[in-house]
Each structure stands twice: as structure tokens, then as C-alpha cells.
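Encoded as C-alpha cells, the structure appears first; notes follow it.
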Amino acid sequence: MRAASLAAAAPLAAAILLASPETPYRYVRPVQGSPGWNKLDLPDEVLDACRPGLPDARIVDGAGRDVPYAFEPESSDDSHRYAIENLETQARVETSGSIDRGGAPGFADAVTFEIEGSDFLKPVRIEASPNGMDWRDVARGSIYATKDVRMLTIPVPETDRRYLRFHLDDRNGDPVRPTAVVLRSRGADSTAAETERPVEVSPLPPEEPGVSRYAAALPAANLGIRALRFAAGDPAFSRRIRVWQRVLFRDEVLRRLLAEGVVAKSAGGAGASDRAGALPLAGADGRSLEIEVENLDSPPLDALRVAAIVRPVRIRFFAADGATLALRYGSPGVSAPRYDLGRALAGSSPATFAQAALGPVATMAAEPRAEAGPPRVALADAAKWTSRRAIVLPGSGGVAYLDFYDFPDPRALRIADAAGGQVSYLVERGAHEHARTVRFAERQDGTRTVARVDLPAHPESIVAVELASAGPDYFTRRVAVGEEQRDARGVTGVRRLGEAQWARLPGDPPPRVRLPIARPQPGTAALVVEIENGDNAPVKLAGATVFASAVRIDFAFRTGDRLFLLSGNPDAAAPHYDLELLAGTILESPAAAATLRDAETAAPERSPLPAWFWAAVVGAGALLLFQLSRTLRAAA
């Protein structure tokens, strides 16, 4: 049967699917293709209606049976798999490992981890070295895996370094152990199918000095974004940029770092990479991103513009002769399919694929009704919450957040409106780091540079220390950081919290080193930094910065709301909200900071005194009067 026959039969397939009461999909579209191997580009409206990672997309025949498909790889990709060396875990800090690519390894632009398991989210830092000794950061990002989604690739600026080293952040979860690393190199024609799509950006309120924040609205979810291109009216700039996406993970919101790097525009107008002004990106499966631009002491970029470099999301499948096919998508709960077609096509692929197309949309179920979060239900134990603080809401928008450094468990809180109704919230952990410049005292102890770094309040929230050097012009040093252990006699030792390699090559600007650390104990006043110089000139410090990680709660509010934060209930447990209703609003809407007024502490309730107490008081008074009367008569 020819393509025209398939196209003519497609409405019949849609009718069959629409009549099936078991299908949980919201949409169906007939697939118009040819017998044999086909390829199909998924348009924005299909990508946008699917869940992250497209687990709810199916091609089915007229009987509702699955037709296996595979996502199309880039034809020019050249991948190499490497065994991991020096794999080790520092408990509650990080898991690290390295690879040796051998001589003349060629350029690579992406790192993919092979990891078992499906319940983790790990920030990743990747370093590169020409000799295995002098390391330099080349990329930061995050990998994660849930039941249906696996995002295990970190894009990197093209590098031909022989050695790569990775660090997986384990401070907020159990460690995972990669089994191998795959590096991808793209050929010269790999960008042929890429297009640029404008991204709408709007400023967000700043959270720390010297950093501009923007909300970025993508044209659709699940786009095949390869990079973000940044442009501005400034004649020249060089800024460090971080791109974040918030995801719902284990019933909490986690802020996932998609990419971090320096984007530059030279005085002649050229960028600092092969894609002028572009930052490589992978795994952006939502519609909303957050962008941070590190300005330091420079003014914010003038008229920032952002474009997404997008590659079509394309699937391949085989259409049997005479088959009527349809695409079903948009399901809230179906699991991702497990087809073997991708592995089969990777081994041997047909020379050509016919171009398939989609017919008009048929809606299988009504659109879910938009909700401003779950309904507000009155607190059943309102009297047990002994502390109440009024929340000062943002002047606009519908989503707000509160940051905490000192609450032991923010789930033991409630937000209530003036009528006592609960306002649902999501807990957001990690990645909201606030930098604080701190004082330090430096001394030389034999071959070591030793510095005492003062800490601000709530030291248990400190997650990293960053040091700046004033010399020498080039060096490579091992740096360790710890906290003093004390007892009644004084300092008894130093507990190691973290370490890193610090290097400066000839001609490099003064470098900074970031040391991720295990969290200090409450009450720690200072950290101890030790730099082993050996027989070399000592490293001199020029500055110290600590990064404190806040725990954030996000909530939706309504115009005219008067909201209060309740705490002080010793019997409180984590609340159970309908998070699916709340997550859509929270994840896709920019949040603004709310603040708290002073606490209104409720006075403890006093039970009425028993009747016998008052009878005793009256009796004691009468006895006292009787004795006083006798005394006065005797004296007369």
C-alpha cells in the first residue's frame, strides 16, 4: 500500500482509538507515512503536551498495538567508551573518577555517564588536563534519573585534552558509581539541521550582589536544545553564566544546573567559542529556565537577548504494508516504553528513511482544569502551632518563596491564610547558594600556607569555600579545608571537610578554587585551610568567599491574601499535599521573594484553677484574720 493509502486510512485509526475507553492519552493524530522505514519530526505542540523525556508518546496501529520507535541520533556523532580510573567516594561530599583518552584523542563536546539505578540527581563538575596534573574546570551541570527519565549527558566546550576528571556531588543523597563514560565528538555536518529559536527573557529580582537573574520562557517543553546563544548591546563582555531548571524529584523541587560557563563577546564582535556567544546545553525538558549572569563589579548586560539552538526531535519506526497508524501522546501516568529498536538501529541502520507527517489533532480527553494549587483545608490542630509570623508577599505575580538557613526541617511548618486554611507548598533543597565574602588570617607554617577563615551565622548551611590567590604566577597545589575539633582543653584536631587541586598555568589570570565541603557542625566559628607548598614559593591568598545553601519553600498565593507562617508544633509531621496540582504552577512560574515579620508567640494556655484551691485560700484568710483578732485583744 502506498503513502496515500496510509493517509486515507489514518482517520479510521483515530476513530478506533477515540472509541477505546482504556486509553489515558489526551491526544491522537494520524500518522501519514509509507510502508517500510519512516522518520517523523515531532512538532512543538506534541513536545509541549508530553511529560519530561517524552515517556508518554506512542505510535500504535489500528488495533491499538504499539509500533516500536527509536529517537534519531545525530548521524555524524562519533562516540567512544572509556573505563573509569581512580573511582573513589568521599562520604557525604563527592564521588570522583578520571579517564585517559590516550594519545591524539580528538575533540569531544559531550560526556555521558553509564550509571545503574533510577532515583538520583547529581550536580557534576568536569575538569580537563593535558598531563594528568594540571586540571582546569571545563563544565558544570547535573545528571538525574527517575522512573521514566534519564538525563545523563553533560555538554562541554570542545576539548582535545587527554585526561578528564569528574566530581559527582553527594552532599544531598547517597552516592552512585558510574561504570563507564562515553565521550561524543561531532562531525562537520552535525549542525546542518539546527535552527535558532528566540527565547523570551524577563528580569527577576536579584538574590545576591553582582548577579543578574532572568526567567527564560522556551517555545515548548522537551525541545532538542543544543545550546543557548547570548547577545547584548555591550561592545564587549565576558560573563560567567549559569542555566537552571527546576524539577519535581522525590516530592520536592530540586534546582538542576543544566550548564555553566563563560560567554564572551570580543571588541571585534566575535564570541569566545566555535558558536559565538553560545553556551552548550543538554537535557532542558521543561518550558521555563532560570538564567544567572555573574557581573561582579560590571553593570548588567545591556538589552540581553537569548536564542535557543535547536535540533529537531525525530523518531524512526517501521510501518507494515497496509497498516493504519496514529500517534498518541499526553498521558499523566503511563510509563516509558522499553523498545529494543534503538540498539538494533545502532548496529545496522537502513540507508534511507521516508519522511512521515502528522494529520490533524483529535482530542481524546478534556484538558485538565487549571488549578491555583490544591484547595485550602482548615488546620485540624491549629491550637498546637505556638508561633505565627506574618508573610510579606511580593507586590506582583502568583508564586513566592521563603529561604531558611536555621529551620531543622521546613516540612514541620505550615502556611495558613487569615481564615485558617492551609496553603500548600513545595520544599526546594540545594542549589540556592548565597555567596558571602568573609575575613581570613593567613600565616606560614613550615612548607604550608595555613589560613583561618571566619564563618557567618548558621555554619551548618555552608556548602563550599572559594579562595582567590595573589601569587605566584604559576603553581599547582593540593588544598584541604577542615574544622577545628575542641573539648574542654581546647583544640584537639582538625576534621577534614574537603579538598581540591589548585593550579595556575603560565599566562593565566589569577585563579580561584572552589572546595565543596561536608557541612560544618553547628557552632563552628571558623574553618582551617591548608595549602602544601613543598619547596616552592608559598601561595598567597587574596580573598575568601563562603557559599551558604538555603532550604526554600515555594507556594502559590492569591491577590489580597494575608498569609502566616506557623511553627512550634512538637507533634508536627510532614504535610501531604496534592503535589501534582501544585507542581505545574510552581515549576513554570517565576517565583519572587517573600519576607517574614517578627514572630507572634502564642501564650501557653492556662487551665482554670480547681475549686478546692479557692476554698483553701478563703480558709487560710479566715484563719489569719482570727489569729490577728486574738492578738489585738490580748494586747489591749
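The local environment of Val124, defined by Cβ-Cβ distances under 9 Å, has a net charge of +2 under the rule Lys, Arg +1 and Asp, Glu -1.
Counting neighbouring beta carbons within 10 Å and listing from fewest to most, the residues His432, His458 come out as His458, His432. Among Leu40, Leu596, sorting on how many other beta-carbon atoms sit within 10 Å of each Cβ, with the fewest leading, yields Leu596, Leu40. From the C-alpha coordinates alone, can you work out the Kirkwood hydrodynamic radius of region 502-555, in Å? When all Cα pairs of region 502-555 are included, the Kirkwood radius is 14.9 Å.
With Rg and the Kirkwood Rh both taken from Cα atoms, where does Rg over Rh land for region 78-185? Intermediate values should be presented prior to the final figure.
Details: Rg = 13.2 Å, Rh = 13.9 Å.
Rg divided by Rh gives 0.95.
Suppose we look only past 17 Å in the calculated P(r) of region 433-549. What percent of the Cα-Cα pairs does that tail hold? Every Cα pair in region 433-549 considered, those over 17 Å come to 53 percent.
Along its principal axes, region 195-310 has C-alpha extents of 47, 35, 20 angstrom, given from the largest down. With one equal scatterer per alpha carbon and no solvent term, the Debye-computed log10 I(q)/I(0) for region 474-601 at 0.18 1/Å reads -1.07.
How high is the relative contact order of region 59-137, given as a whole-number percent (alpha carbon pairs under 8 Å, six or more residues apart)?
Working: 40 pairs, mean separation 10.3, N = 79.
Reported relative contact order: 13 percent.
In this structure, Val491 and Glu114 have a Cβ-Cβ separation that, at R0 = 41 Å, corresponds to a calculated FRET efficiency of about 0.35.
When +1 charges are put on Lys and Arg Cβ atoms and -1 charges on Asp and Glu Cβ atoms, the dipole computed for region 433-549 relative to its Cα centre reaches about 100 debye.
Values in this text are rule-based calculations from the coordinates and carry no lab data. All figures in this text were calculated on a predicted structure; none of them were measured in a lab. Neighbour counts run over all protein chains shown; Cβ positions are idealised from the backbone, glycine included.
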